[in-house]
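Read-outs throughout are calculated quantities, based only on the coordinates presented, and are distinct from any laboratory measurement. Since we're looking at a predicted model, the values are computed, not measured. We place every Cβ from the backbone using ideal geometry, glycine too, and count neighbours over all the protein chains shown.
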Amino acid sequence: MRLDRYSIGKYTIGAALWKQLLWYFLGAPLVRSYLIPFSGLKVWVLRSFGAKIGQGVRIKTGVRVKFPWRLIIGDFVWIGEDAWLDNLDLITIESHCCISQSVYLCTGNHDWGDLDFGLRTAPIYLETGSWIAARATVAAGVRVGAGAVLGLGSVATRSLEPMTIYSGNPAIAVKVRKILE
């Protein structure tokens with residue numbers, strides 16, 4: 001590959017320079033702060049920068065969000081410590097989802113077949129009631145079905161079927177999820 005020839009091509013960050021700078025120097029540090037344990041303030045900051053967020057959302061310390069204007073979160077979502085929402089493209093998290101500690105949601109990658117190392121992005125979509133367990137990774141273009149679980153440290157490079165538990169790298173289905181009431 002020729003990194004000296006790299007460019008972002010037609011990709012745009014999606015916000016004016018002033019907004020990017022304000023997010024980088026003010027918004028992102030507040031959301032990530034270990035000194036501010038209050039979810040309400042973090043939700044307010046994210047909304048102020050364009051995120052669409054429902055009610056009852058809990059955001060723990062250390063959470064990183066690349067671009068809040070590319071983030072949609074439903075109601076009663078939990079985002080655990082040190083999760084990284086690397087949203088070069090849209091991340092949608094429907095209601096009642098759990099994003100556990102140190103989860104990595106990655107919407108961008110590079111084309112390994114391109115001499116110029118071209119950037120490729122694709123959205124991530126988490127359907128209602130899905131759970132991404134601690135230290136798991138979800139790749140660009142993945143849709144996690146309603147109620148699906150991606151197990152501890154697992155890597156989803158393909159979409160996950162609803163109500164199915166996945167584990168491993170790459171993640172494979174291990175069993176059907178049954179919820180007892």
The simple spin-label model distance between Arg2 and Ser39, using points 7 Å out along Cα→Cβ, in nm, is 5.0
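Averaging over every viewing direction, what projected area does the convex hull of the Cα atoms of segment 16-176 cover, in nm²? Show your work: numbers first, answer last.
Numbers: hull surface 37.0 nm².
Mean projected area for segment 16-176: 9.3 nm², to one decimal.
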Tell me, how many Å apart are the Cα centres for segment 81-106 and for segment 48-74? 9
Taking the Cα centre as origin and putting +1 on Lys and Arg beta-carbons and -1 on Asp and Glu beta-carbons, what dipole magnitude results for the chain, to the nearest 20 debye? 220
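What order, most packed first, do the peptides 64-75, 25-36 have when packing is the mean number of other Cβ atoms within 10 Å of each residue? Provide the component values of the computation, followed by the final result.
On the way: 64-75: 20.4, 25-36: 15.2.
Ranking the peptides 64-75, 25-36 by packing returns 64-75, 25-36.
So for segment 16-176: antiparallel DSSP bridges make up what percent, rounded to the nearest 5? Please report the intermediate quantities before stating the final value.
Numbers: 7 of 37 bridges.
Restricted to segment 16-176, the bridges split so that about 20 percent are antiparallel.
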Give me the aspartates and glutamates in straight-line cross-link reach of Lys52: C-alpha distance below 15 Å, same-chain residues under 8 apart excluded. Asp75, Asp89, Glu94
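What pairs in Lys10/Lys66; Lys42/Lys66; Lys60/Lys175; Lys10/Lys42; Lys19/Lys66 have C-alpha atoms more than 23 Å from each other? Kindly include the intermediate steps, with their values, before the conclusion.
On the way: Lys10/Lys66 19 Å; Lys42/Lys66 14 Å; Lys60/Lys175 30 Å; Lys10/Lys42 31 Å; Lys19/Lys66 13 Å.
With Cα atoms farther than 23 Å apart: Lys60/Lys175; Lys10/Lys42.
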Grab the Cα-Cα distance for Tyr24 and Glu181, subtract it from 0.36 nm times how many residues apart they are, and report the gain in nm with one decimal. 52.2 nm
Running a GNM on the chain with Cα contacts under 10 Å, which residue among Leu152, Leu105, Leu17 ends up with the highest mean-square fluctuation? Leu17
Quick one: what are the phi-derived ³J(HN,Hα) couplings along segment 34-40, Karplus 6.51/-1.76/1.60 with θ = phi - 60°, whole Hz, x for glycine and proline? 8, 8, 10, x, 8, 4, x
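Calculated from DSSP H runs of 4 or more alone, at -39500 (n - 2.57) each and per residue, what is the 222 nm mean residue ellipticity of the chain, nearest 500? Don't skip to the answer; put the middle values down first.
Numbers: 3 runs with 21 residues, N = 181.
Calculated at 222 nm, the ellipticity per residue is -3000 deg cm²/dmol.
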Among Tyr125, Leu152, Leu71, the residue whose Cα sits farthest towards the positive end of the charge dipole of the chain, when +1 is placed on the Cβ of each Lys and Arg and -1 on the Cβ of each Asp and Glu, is Leu71
